[in-house]
Amino acid sequence: MIILLFSAHISSCQKNNSRQMTDPVPNITNPVPGNTDTTKKAFTWLALGDSYTIGHNVPAEDSYPNQTIGLLKKDSVNGEVKIIATTGWTTADLKNGIRNQETAGALLTRYDVVTLLIGVNNEYQGIPIDIYKTEFEELLKKSIVFAGDNAKHVIVLSIPDWSVTPFASGRDRDKISKEIDDYNTINKGFADQYSANYLDITPWTREAATDPSLLAPDKLHPSGKEYARWAASLEGLIKKILTK
């Protein structure tokens, strides 16, 4: 079952003076049916992130958390995911979002799996990369706590490269791509340092330069087809984690 805490509509940043890539809308709860088999206890998954985690501009069933749950269900692995994410969120926004959920008593003390994908809006908004470095490490350490102090139950996903999308037209694509690489060097370094799992999806997202089917209708975010590749890899990682 997917428990979606946050969602958002599309809005081109060119039409807004804010530095968010798209505009968030009020938070909503949107449960999605999962495996109803109650013979096995469902594993719990906390997915932390931004627009990529909620599957901005694709149907709910095409988001990568939902597709991953669907694949696992086919393998008789029952699970549910709680998502804390909103379009446009930076590392600071995600920290606040987690804090608000903790204050509201809406989080478990331990999850079987925790995923973390954050940083594209730091890069887009031109926030100093040293701030990302500090705040990402804080978020990763928090993720490990949520995973029962077991870093091997945490998966860090790399940041997609939006420089190849039509949304980046008129911008310095090489500069964007290099900055994405710099950000991913940081999050990979911390994943290695803390012995967390790391899923590098960035090379796949760069294929959108020649394959428009990998993009959502907004020509910025990934399509369900792209998310399916992430889900296939996550399925394998999660199955390994659950056996440890």
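The values are calculated or read from the model by the stated rules, or taken from the named source; none is laboratory data. Computed from a predicted structure; not experimentally measured. With ideal geometry, Cβ positions are generated from the backbone for all residues, glycine too; neighbour counts draw on all protein chains shown.
Some values worked out for this structure:
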| item | result |
| --- | --- |
| Residue match in the range 199-217 (condition: under 19 Å from the mean Cα position of the chain (by Cα), assigned to a strand (DSSP E or B) and surrounded by fewer than 21 Cβ atoms within 10 Å (Cβ to Cβ)) | yes |
| Residue in the range 128-145 that is surrounded by the most Cβ atoms within 10 Å (Cβ to Cβ), counting only those that are within 19 Å of the chain's Cα centre (by Cα) and without any contact (Cβ under 8 Å) to a residue 40 or more places away in the chain | VAL145 |
| From the options ASN57, ASN78, residue that is of a type outside the set (Gly, Ala, Ser), modelled with pLDDT of 95 or more and at positive phi | ASN57 |
| Number of the condition not met by TYR227 [criteria: (1) in contact with a strand residue (DSSP E or B) (Cβ under 9 Å, 6 or more places away or on another chain); (2) more than 27 Å from THR134 (Cα to Cα); (3) surrounded by 21 or more Cβ atoms within 10 Å (Cβ to Cβ)] | (1) |
| Residue list for the range 34-54, filter: crowded, with 17+ Cβ neighbours inside 10 Å, at pLDDT below 70 and of a type in the set (Ser, Thr, Tyr) | none |
| Residue count for the range 58-101, restricted to those that are in a helix (DSSP H, G or I) and either under 24 Å from ALA42 (Cβ atoms) or among the basic types (Lys, Arg) (or both) | 19 |
| The lone exception for SER233 - which of (1) farther than 24 Å from GLU61 by Cα; (2) assigned to a helix (DSSP H, G or I) it fails | (1) |
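Yes/no matrix, rows are residues, columns are (1) of a type outside the set (D, E, K, R); (2) touching a Gly at 6+ places or on another chain (Cβ under 8 Å):
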| residue | (1), (2) |
| --- | --- |
| TYR132 | yes, yes |
| GLU137 | no, no |
| LYS142 | no, no |
| ILE155 | yes, no |
| SER163 | yes, no |
| GLY170 | yes, no |
